[in-house]
Each structure stands twice: as C-alpha cells, then as structure tokens.
Amino acid sequence: MSELRIFYKENDKIRIARQLEILKEIDKKDIIWIDLLDVKEEVENELEQFLKIYIEEMEEIEMSSRYIQTDDSIVANSNFLLDNFKTEPVSFILKNDILVSVRDVDLQSFNDTVKKMFVNTRNFPTGYHVLVALMETRVEYDADMIEDTTDQITKLSETITKASDQVDEDVLIQIKDLQEKVTIIRQNIMDKQRVISNILKCDFFPPELQPRLTMIIKDINSLFEYTKFGFDRLDYLQDTFLGLVNIEQNKIIKIFTVVSVIFLPPTLIASMYGMNFAHMPELEWQYGYPFSLGLMVLFTGFVLLIFKIKKWL
C-alpha cells in the first residue's frame, strides 16, 4: 500500500493532505510532518527538491551511519518491530522543524501517533515533537511485546509443571522460539536506545523535549531488565526440561536394570541344568524339574526382597 501524508498547521489546527500539490499552497513553516509509506521514487525526488534534503533508503545505510547530524538537520534510522517479530527499517529526517519519515510497511505506532496529534494539537508544534512521540509510542509497544512474551513464558512453565512426566521435544522448541523472540526485542530496544542517546547530544534539538528523551532512555533501561529476566527464566525452564528428560531416561534405564537383575538367577539356574554332562544327579531325579523351578522362584523373590529393602523399587 502506497500512501503520502502531509501534516500541517492551519488556524491552530492540524490538517492532513495526501497530495504534493498542497506544498505550493501552504507556508513551509506550517508543515509539521511528511510521512512516506512505500511511495514512488518520483514523489521522493520532488520532496527532495522542495525541502532541500536527500532521502536515503535504510538498507543502503551502514550500521555506523544510522545517525547523521549536520548543522541544521538530523538523519536517524531505526528498526521498528512488527507483530510477527520481523523488523521494518524506518528513516527519519529532521530539518527546519519538519519531520520526514520513510517506510515500506504500515506501522501501528505511526497510526497511534497520528491519533494523538489530532487529540492534542498543541503538543505537536514541530516535527521534533512528532519524532519524540513516535519513539515514545514505539517503546510502549515494545513493552507490550515483552509483557506478552513473559505471559507465554509463564504458560510454558505451568505446562511443564503440570505435565512433568509427559514432556517432549515440542517444549524445547517452544523455549528456543521464545529465546529468539526475547533476543529480537532486546536488539530492537537497543537500537532505540542508540538513536535516542545520539539525539540527546544534538545541540539544536528543542530543550523542552530533553526530559521526555531522558524518560525514554529510562524506560528502555527498565525494558532491558525485563528482557534479562526473560532470558533467565527461559534458561531455568531449559534446565528444568533437560532435568525432567534425564529423570524419565533414568526411570527407563532403572526398569531395564531391575528386569535384568531379576531374571539373572533363573537364567543362571537354567544354564546350569542345560549343560550336557553325563553325570548330573538331578537329570534322573523325579523332582528335578520342580526343584529347578523352585530355585528360580526362590532366588527371584530374594532379589525382589533386597530391592524392596534398599528402596530401589
């Protein structure tokens, strides 16, 4: 879906336009935010000429250049996490109080920020305020995703506890998937932390927004603690799962060991009387067969008694 949205001020209200022609009709000082969602290259070129900026594609920017600051502009690039835990690169360009955002996928955090703009118009006088609001909203979504993942970890823990004698490899796969999710979330919030930290160093960023940026950093640091807690719980669950698997394996080995020991005396007696020697008194004895069976039962019972006394059964 391709979409162009231009947010501008008119009579103390925020208006939205979807055509570039509006730029010729309004004062550049009234423009707050230009949001580009998978627009054509022609639209980007026209905006570049109008705003005197260069719109780069996120994929073409090296990791070391995710934040670029000039004398009058900021280029910040960050990954936004989708519901399927895939990341979507977004580019932000700030110049002359105007924010330009470039993305290829519809993001809920952007839509929520738009709602906030129309509800609290006075809180969004410039593009700087929009960028801070976008980051705040995105961090809130990251917190929600961490909370959902924590709930999944809790449910998995309850499943392992209730079915401790029926654990299978699916549990280990679930643990691995949750570990991947927590890792992706951690990388995502780390990306936000780096962008916000760089913005805090900007000398022309509005001073009144500094406390909000600092609060975002504090929220991100608290999210790091939650992700660490998630990692620790998953490691514990993995150890618990492997421990339960070892217990089940030990039970199976124990059963085979007990069965082998129980049948060892009868096997010994049967092998003795199976020897083909000419002079074996019991061979001609009328009660030889019942006697050998009795010996087998006697020794088997003796072994079982020893196992019971030792509490091996």
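Numbers for the structure displayed
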item: Hey, MET145 closer than 30 Å to ARG233 by Cα, open to solvent by 10 Å² or more (accessible area, probe 1.4 Å) and part of a helix (DSSP H, G or I) or not; result: yes
item: Selection count where residues are among the hydroxyl-bearing types (Ser, Thr, Tyr) and in contact with a Ser or Thr (Cβ under 7 Å, 6 or more places away or on another chain), scope segment 102-143; result: 4
item: Residues within segment 115-142 that are in contact (Cβ under 8 Å) with a residue 24 or more places away in the chain and surrounded by 17 or more Cβ atoms within 10 Å (Cβ to Cβ), tallied; result: 17
item: Cβ pairs under 8 Å, 6+ apart, first in segment 282-295 and more than 12 Å from ILE269 (Cβ to Cβ), second in a helix (DSSP H, G or I) and hydrophobic (A, V, I, L, M, F, W, C); result: TRP285/PHE291
item: Residues (loosely packed, with under 12 Cβ neighbours inside 10 Å and either in a helix (DSSP H, G or I) or in contact (Cβ under 8 Å) with a residue 12 or more places away in the chain (or both)) located in segment 149-175; result: ASP151, THR154, LYS155, GLU158, THR161, LYS162, ASP165, GLU169, ASP170, ILE173
item: Verdict on PHE92 being in contact with a Leu (Cβ under 9 Å, 6 or more places away or on another chain), farther than 25 Å from LYS13 by Cβ and in a strand (DSSP E or B); result: no
item: Matching residues in segment 187-203 - criterion: being open to solvent by 60 Å² or more (accessible area, probe 1.4 Å) and either touching a Phe, Trp or Tyr at 6+ places or on another chain (Cβ under 7 Å) or outside any helix (DSSP H, G or I) (or both); result: LYS201, ASP203
item: Qualifying residue in segment 46-54 (condition: over 15 Å from ARG103 (Cα atoms), in contact (Cβ under 8 Å) with a residue 12 or more places away in the chain, open to solvent by less than 60 Å² (accessible area, probe 1.4 Å) and part of a loop (DSSP other than H, G, I, E, B)); result: yes
item: Among residues of segment 204-221, those that are open to solvent by less than 50 Å² (accessible area, probe 1.4 Å) and either closer than 17 Å to GLU147 by Cβ or not in a helix (DSSP H, G or I) (or both), counted; result: 3
item: Strands (runs of 3 or more DSSP E) within segment 1-44 that include 3 or more residues out of contact with any Leu (no Cβ under 8 Å at 6 or more places or on another chain); result: 3-10, 13-17
item: Segment 84-108, subset among the polar types (S, T, N, Q) and closer than 21 Å to THR183 by Cβ, residue surrounded by the fewest Cβ atoms within 10 Å (Cβ to Cβ); result: ASN84
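Okay, residues lined up against (1) more than 30 Å from LYS162 (Cβ to Cβ); (2) in a helix (DSSP H, G or I); (3) touching a Pro at 6+ places or on another chain (Cβ under 9 Å):
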position: TYR226; (1), (2), (3): no, yes, no
position: GLY230; (1), (2), (3): no, yes, no
position: GLU248; (1), (2), (3): no, yes, no
position: THR267; (1), (2), (3): yes, yes, no
position: MET272; (1), (2), (3): yes, yes, no
position: GLU282; (1), (2), (3): yes, yes, no
position: LYS311; (1), (2), (3): no, no, no
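The values are calculated or read from the model by the stated rules, or taken from the named source; none is laboratory data. These numbers come from a predicted model, not from an experiment. Because the Cβ atoms are built from the backbone with ideal geometry, glycine has one as well, and the counts that use them run over all protein chains shown. Protein only, heavy atoms only, side chains kept; ligands, DNA and RNA dropped before computing areas. Shrake-Rupley method; radii C 1.70, N 1.55, O 1.52, S 1.80 Å.
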